[in-house]
Amino acid sequence: MTPQAAGHGPEIAEQTIIAAPADEVYAAVADVRRMARWSPECFAVWVTRRDGGRPRNFVGWNRRGPFLWFTTCRVVTATPGREFAFDVTTFGQPVARWGYRFTETDGGTEVTEYWRDHRNGVSRVLGRIFTGKAAADRPTVNRDGMRQTLSRLKRELEAA
């Protein structure tokens, strides 16, 4: 974990190398509707606002076992080939920042998926109700989800 940002929890991250150019990997991730193909929790994305054709706001529909929930997301960083990130809220309460950093390497692109906890007391309680996971369990669950997401993203892009 990296040090805590002011007013936010620690950041956790996972990396993989994908044999594809950074711009191509970025384009896949920035098409947020495709996340449902890679993420173990997300099963649908509804883009609610676009800016110049690119998603600016969207709703993510998630499930884990019998638990079902949605989050409202706002893109906060969209730098092609470098970084894509969005802030997540639920019922107006802060939840997290999810992001992807892209670094060109000799073997393709190193992709770092990261999660930074932004939850407050209310969103921690809502998280427990909707996801069935205690707040303390969320970093472990998210790290496992990142590994699965990156593995599926890699498989799809390298097969193309």
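No value in this document is a laboratory result; all are computed from the given coordinates. Owing to the predicted nature of the structure, the values given are computational and were not obtained by experimental measurement. Positions of Cβ are backbone-derived with ideal geometry, glycine not excepted, and every protein chain shown enters the neighbour counts.
Tabulated data for the structure shown
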read-out: Distance from segment 17-48 to segment 118-137 (C-alpha centre basis), Å; value: 25 Å
read-out: Charge sum, other residues only, whose C-beta stays under 14 Å from R74's C-beta, Lys/Arg counted +1 and Asp/Glu -1; value: +3
read-out: Integer Hz, Karplus 6.51/-1.76/1.60 couplings in order for segment 38-48, x for Gly and Pro; value: 10, 6, x, 9, 6, 10, 6, 9, 10, 7, 9
read-out: Residues F91 and T112, FRET efficiency given R0 of 35 Å [Cβ-Cβ distance, rounded to 0.05]; value: 0.75
read-out: Modelled FRET efficiency - R0 35 Å, A134 with V76, Cβ distances, 0.05 increments; value: 0.80
read-out: Angle between the chain longest axis and helix 121-131 axis [Cα atoms, degrees, rounded to 10]; value: 70 degrees
read-out: Degrees between helix 138-159 axis and first principal axis of the chain (Cα, 0 to 90, nearest 10); value: 30 degrees
read-out: Under 5 Å, built H, 5+ apart or other chain: amide partners of V76; value: A85, F86, D87
read-out: Point-to-point label distance, W61-R143, nm (Cα→Cβ direction, 7 Å offset); value: 3.2 nm
read-out: R119 long-range amide H proximity, modeled H, under 5 Å; value: G9
read-out: Helical mean residue ellipticity (222 nm; -39500 (n - 2.57) per DSSP H run of 4+; nearest 500) of the chain; value: -9000 deg cm²/dmol
read-out: Additional length obtainable on full extension of the chain from R49 to R124, 0.36 nm per residue less Cα span; value: 24.3 nm
read-out: Descending Cα extents along the principal axes, segment 11-159, whole Å; value: 44, 33, 24
read-out: Peptide ranges 45-55, 150-160 listed from the most packed, as the mean C-beta count within 10 angstrom indicates; value: 150-160, 45-55
